[in-house]
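Comments concern the structure below.
Just so it is clear, none of the values below were taken in a lab; they were calculated from the coordinates. Here the structure is a predicted model, which is why all the values come from computation and not from measurement. Every residue, glycine as well, gets a Cβ built from its backbone with ideal geometry; the counts of neighbours run over all protein chains shown.
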Ligand SMILES: Nc1ncnc2c1ncn2[C@@H]1O[C@H](COP(=O)(O)OP(=O)(O)O)[C@@H](O)[C@H]1O
Ligand SMILES: Cc1ncc(COP(=O)(O)OP(=O)(O)O)c(N)n1
């Protein structure tokens, strides 16, 4: 039997479990990878929005990272909500020190409900410190627009944004088209070629945590030894299925289902 693969998420906690650390750990588990977490911030959040945010101190973030890397071989790392420049700096410095491999950066900026999960004044630091250590970065249209200063409304603009983000140091860029209309197409750029990852658009309001789930699925497949293009292709298939089986929870935007493949026929949810 081959050794268990291990993935680490460095992200914020989402109290309602649809995004952040909780979505990442569910994704790792569903994909058969052992999941570990470094929490950067705690959000009080439900399906209708984010009520409040508390960043953790840089020291406890550093200690979480150091104690894991000193003890355990980590096959891939996903980075989500990082909140502030100080937190970004400690993550970048410690991941470099530990020579972390297969880093996926989801440059989370604002939640779907409109709450800032990264201080706007720290956006440049995120790009400067975390993009050069990333194997894959996964901006959505808004994030790609902020990073490049472009207005992005179609596939050719997504390609141009991917090239510019690649120039900022990320080895592979996936610009996600989840917020366009029509087919859900993402653009992968590896510095040489573009690949269009096409998925059927699912008509649902329940898309809480889609970006978190997609990026942690990429990390899980990288941990499992897949090359980037295959990891991204499989992650796209996984998020499409998870959105297809998303469900209503609470009064707002419900979560995706990570475990639909495991449910016995006949079981149901709302
Ligand atoms: N309604 C949908 N139907 C199918 N795929 C979707 C839908 N919404 C988002 N996706 C896919 O989910 C992934 C995450 O994208 P997106 O929702 O844009 O990220 P974020 O949560 O960062 O805004 C992408 O692969 C995107 O194409
Ligand atoms: C703690 C935390 N991290 C990230 C997000 C954003 O998640 P995302 O997958 O981009 O989608 P929405 O939550 O905005 O639907 C979050 N909400 N909370």
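Couple of notes before you dig in:
- Of the candidates 173, 137, 163, the single residue that is surrounded by fewer than 17 Cβ atoms within 10 Å (Cβ to Cβ), in contact with a strand residue (DSSP E or B) (Cβ under 8 Å, 6 or more places away or on another chain) and at negative phi is 163.
- Listed by first and then second residue, the pairs linking a residue in the range 209-229 that is farther than 15 Å from residue 105 by Cβ and free of Cβ contacts under 8 Å to residues at least 40 places away in the same chain to a residue that is more than 10 Å from ligand 2 (Cβ to nearest atom) and assigned to a helix (DSSP H, G or I), with Cβ atoms under 8 Å apart and 6 or more places separating them unless they lie on different chains, are 226/234.
- Pairs with Cβ under 6 Å, 6+ apart, first in the range 96-122 and more than 16 Å from residue 142 (Cβ to Cβ) and in contact (Cβ under 8 Å) with a residue 12 or more places away in the chain, second within 13 Å of ligand 1 (Cβ to nearest atom) and outside any strand (DSSP E or B): 104/215; 104/218
- Filter result for residue 244 (away from ligand 2 (no atom under 16 Å from the Cβ) and in contact (Cβ under 8 Å) with a residue 24 or more places away in the chain): yes
- Flag if residue 100 is in contact with a strand residue (DSSP E or B) (Cβ under 6 Å, 6 or more places away or on another chain) and closer than 24 Å to residue 58 by Cβ: yes
- Of all residues making up the range 109-130, the number that are touching a strand residue (DSSP E or B) at 6+ places or on another chain (Cβ under 8 Å), within 16 Å of ligand 1 (Cβ to nearest atom) and more than 14 Å from residue 77 (Cβ to Cβ): 11
- Any hit, the range 181-195, residues being touching a residue at least 60 places away in the same chain (Cβ under 8 Å), exposed (fewer than 15 other Cβ atoms within 10 Å of the Cβ) and away from ligand 1 (no atom under 15 Å from the Cβ): no
- Filter result (closer than 17 Å to residue 35 by Cβ, part of a loop (DSSP other than H, G, I, E, B) and within 13 Å of ligand 1 (Cβ to nearest atom)) within the range 221-256: 256
So that you can scan it fast, the table gives a plain yes or no per residue for (1) crowded, with 22+ Cβ neighbours inside 10 Å; (2) away from ligand 2 (no atom under 16 Å from the Cβ):
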site	(1), (2)
20	yes, no
28	yes, no
54	no, no
62	no, yes
77	yes, no
94	no, yes
97	no, yes
104	yes, no
